[in-house]
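What follows is one structure encoded as structure tokens, with my remarks underneath.
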């Protein structure tokens, strides 16, 4: 950034930073790099907002289509260039760096897409609070990865579920119960985490918190 200020091109940085698709591209590169990490048993990714996450998960498939078309066009160009060189009696250059780069991109996107769809390498956990919009997003996200990736969430988590007394006092008891039934209808493992107020650092309180987690 200091060197860019010297060159008076801060505006160019803003253009890149706020350009549509940049956030998804950065997230995709991070996800791709995680599959090359081999010194951990598990890596947990707390994803960006739902819209960004879903678009990013499908980007390798979209990029794959684009790159396939670019490969097709470039192969025609290389073939035509080779034919012209032979017709003119010139030595034709077989290697094409652009085509090699396209092959590399195609392979990397295919590998990433397969990793995202491989249940042995990737698990999806969807978390929502018992409110209309989060529940709607959870169901839409489940449908999305089922249709686009051919996978289902490993588990659904209903977070900050109010105890019955508190929910009844606030008038949301029936709504909470309805949300639970809606999620049960997805026929997926469901974990309910009761809301206990502000978290504490006490190990005893943590064990008590774990006792408030139930699978339905």
Test set (1) under 30 Å from residue 187 (Cβ atoms); (2) outside the structural domain of residue 174 (by TED's automatic domain parsing); (3) touching a residue at least 24 places away in the same chain (Cβ under 8 Å); (4) assigned to a helix (DSSP H, G or I) - residue 48 fails condition number | (4)
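Results for (1) under 30 Å from residue 75 (Cβ atoms); (2) surrounded by fewer than 17 Cβ atoms within 10 Å (Cβ to Cβ), shown as yes or no for each residue.
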{"residue": "104", "(1), (2)": "yes, yes"}
{"residue": "109", "(1), (2)": "yes, no"}
{"residue": "113", "(1), (2)": "yes, no"}
{"residue": "119", "(1), (2)": "no, yes"}
{"residue": "134", "(1), (2)": "no, no"}
{"residue": "154", "(1), (2)": "no, yes"}
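The values are calculated or read from the model by the stated rules, or taken from the named source; none is laboratory data. Owing to the predicted nature of the structure, the values given are computational and were not obtained by experimental measurement. Note: ideal-geometry Cβ built from the backbone for every residue, glycine included; neighbour counts use all protein chains shown.
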